[in-house]
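Q: Dumping the structure here so I can ask a few things about it.
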Amino acid sequence: MNAFVTPFLEIKELRHDYRQPDGSYAQALRLDHLLAARGEALAVTGPSGSGKTTLLHILAALIRPTCGEVLFDGHDLFAAGHSAARWRSLSVGYVFQEMNLLPDFSVLENLLLAAEISSVPKSDAGERADSLLHRLDLWDHRYSRPSELSLGEQQRTAVARAVIHSPAVVLADEPTASLDAENAGVVMDLLMGLCAESQTLLIAATHDEAMKKRFERVVNLRRPVPAAVGPELVSSREVI
């Protein structure tokens, strides 16, 4: 990245600790520095326990890190007065490994509800949903419930839900883990294409070697060395 261009995302000395069953504390994530631009696609990889999901949860402002800074467009995500809930609803799209679709709602209803939560005007939500359903080959399933879909169709629905509000960043946690190679390729092609077109930053956590090869940049996390920390550090952690 050009050093003279302000990055969209900058991470500085990020660390997250958690309490263990015996009452001691251990480090779940350590990432000293990371820069990323709008429209980039990054794969985050590393062994189990290296903090891939923890990193995504921090970027979505679902949890507050023990220490460090997360800056989006130069603004500290965890600064006093910053609304984490507003950031999540307006600026973040999340693709879950388990998909987390609402089982009693149709495909179309899952999309429209996500649009409503993200304050997409009703006049635009229907048009966006229709466009995504056509593009992701889900139009014929728009009135189907998730249980009536194949795994590939469910994950495409999850992708559509994540991008319907044109978020600034899409976070994907092992988005192809439950798919065969063919469906995994289709889902990733669609996800990466949609994000590139809208200049959305895509960050995907994965351990899949084939999936990692699709990304120009791969961030390798190492499993943190277990180390006890004082309660003065952990006290800043909280679910937001």
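What follows is calculated from the coordinates using simple rules that are stated; it is not laboratory data. Remember, it's a predicted structure, so these values are computed and weren't measured experimentally. Counting neighbours? That spans all protein chains shown, and the Cβs are built from the backbone with ideal geometry, glycine included.
Q: Net charge near Leu179: determine it from the other residues with C-beta under 11 Å of the C-beta of Leu179, scoring Lys and Arg +1 and Asp and Glu -1.
A: -4
Q: Looking at the chain, which longest stretch skips every one of the chymotrypsin sites (Phe, Trp or Tyr not before Pro) that is in a DSSP loop with at most 10 other Cβ atoms within 10 Å, leaving the sites themselves out?
A: 5-142
Q: Counting Lys +1, Arg +1, Asp -1, Glu -1, what net charge surrounds Val95 among other residues with beta carbon under 12 Å of its beta carbon?
A: Here the count lands on -1.
Q: Same structure, new question: Where does the chain land on Rg(C-alpha)/(2.2 N^0.38 Å)?
A: Expressed relative to 2.2 N^0.38 Å, the Cα Rg reads 1.03.
Q: Rounded, prolate or oblate: which one fits the stretch 107-164, using the alpha carbon gyration tensor with axes a ≥ b ≥ c (rounded when a/c is under 1.5, else prolate when a/b beats b/c, else oblate)?
A: prolate
Q: Short version: what are the Cα gyration tensor semi-axes of the stretch 160-225, square root of 5 times each eigenvalue, largest first, in whole Å?
A: Each semi-axis is √(5λ); the values are 20, 16, 11 Å.
Q: For the stretch 97-231, what is Rg from Cα atoms divided by 2.2 N^0.38 Å, rounded to two decimals?
A: Against the empirical 2.2 N^0.38 Å value, I get 1.16 for the stretch 97-231.
Q: Still on this model: For the chain, with a Gaussian network of springs between Cα atoms less than 10 Å apart, report the residue from Arg145, Arg214, Arg86 with the top mean-square fluctuation.
A: Of Arg145, Arg214, Arg86, the Gaussian network model singles out Arg86 as fluctuating most.
Q: How much length would be gained if the chain were fully extended between Leu35 and Tyr143, taking 0.36 nm per residue of separation minus their Cα-Cα distance, in nm to one decimal?
A: Full-extension gain reported as 34.8 nm.
Q: For the chain, return all DSSP H helices satisfying: extent of Cα atoms along own axis at least 15 Å; mean Kyte-Doolittle hydropathy at least 0.0.
A: Going by DSSP H runs, the hits are 107-117, 181-197.
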